Amino acid sequence: MKLFVEKAVSGTVAGDEPSWPPPCPGSRTRRCTASSRRTSTGSRELVVQEAALAQAWKHGGRAFMADQGEIVPDDPEDPMRTAMRQMMGVFAQLDRGMTVAKLRRGRRIKGEKGQYAYGAPPYGWQAHKKELTEEEMEQAGRARARQLREKEELSFREIAAALEAEGIRPKRGQRWHPETIRRMLANATDQPPTLRRR
């Protein structure tokens with residue numbers, strides 16, 4: 001028996017749903033079990049939720065939710081079962097849509113005021129009044145990471161370890177993650193990000 005785990009994705013990230021349930025590896029006759037904290041976290045798009053359940057059931061799989069146990073397959077003798085599940089999916093989708101709309105309104109208002117409207121500024125900058133300004137210590141960290149990558153040809157994981165050993169900390173937390181290093185270097189520029197407006 002193999003366990004496949006996929007990290008959760010925020011429900012506010014439109015169009016970035018996890019592939020739930022994961023595809024059954026190997027033979028199509030092999031049974032799989034999909035589980036989620038609740039139905040709405042499997043997917044907040046009703047059509048994706050229903051397609052995923054149908055696919056799992058088609059191959060003899062089962063679906064379990066921590067908040068309500070197993071989601072049993074549809075029964076033509078009990079249409080209410082299907083209707084209740086789909087109504088829960090509709091409201092989960094509505095909840096996601098309302099949250100996304102609220103975030104977009106907030107960002108638009110901040111953008112209209114000339115403020116940085118997309119969360120924490122990237123590593124190397126800080127939000128000051130209505131513009132982004134360089135953060136001296138973080139700029140030094142960015143320069144050191146570039147040096148380790150370009151001149152010493154270290155991997156992202158090795159760069160993370162080197163920065164920690166030298167006392168250079170990320171914007172949040174105490175430890176660097178290789179993916180954070182990759183993103184930082186991919187956007188390595190001496191010019192501050194443009195303030196985005198909508």
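The values are calculated or read from the model by the stated rules, or taken from the named source; none is laboratory data. A quick note: this is a predicted structure, and the numbers were derived from the prediction, not measured. Counting neighbours? That spans all protein chains shown, and the Cβs are built from the backbone with ideal geometry, glycine included. Keep in mind that these areas ignore ligands, DNA and RNA; they rest on the heavy atoms of the full protein, side chains included. Shrake-Rupley method; radii C 1.70, N 1.55, O 1.52, S 1.80 Å.
Looking at this structure, is Thr189 among the β-branched types (Val, Ile, Thr), modelled with pLDDT under 90 and open to solvent by 50 Å² or more (accessible area, probe 1.4 Å)? Considered against the rule, which asks whether it is among the β-branched types (Val, Ile, Thr), modelled with pLDDT under 90 and open to solvent by 50 Å² or more (accessible area, probe 1.4 Å), Thr189 comes out as yes. When the range 64-74 is filtered for residues that are within 17 Å of Met87 (Cβ to Cβ) and modelled with pLDDT of 85 or more, the ones remaining, listed by number, are Ile71, Val72, Asp74. Just one of (1) in contact with a helix residue (DSSP H, G or I) (Cβ under 6 Å, 6 or more places away or on another chain); (2) farther than 30 Å from Val48 by Cβ; (3) at pLDDT 85 or above; (4) open to solvent by less than 40 Å² (accessible area, probe 1.4 Å) fails for Ala92. It is (2). Considering (1) open to solvent by less than 90 Å² (accessible area, probe 1.4 Å); (2) modelled with pLDDT of 90 or more, the lone condition that Glu152 does not fulfil carries the number (1).
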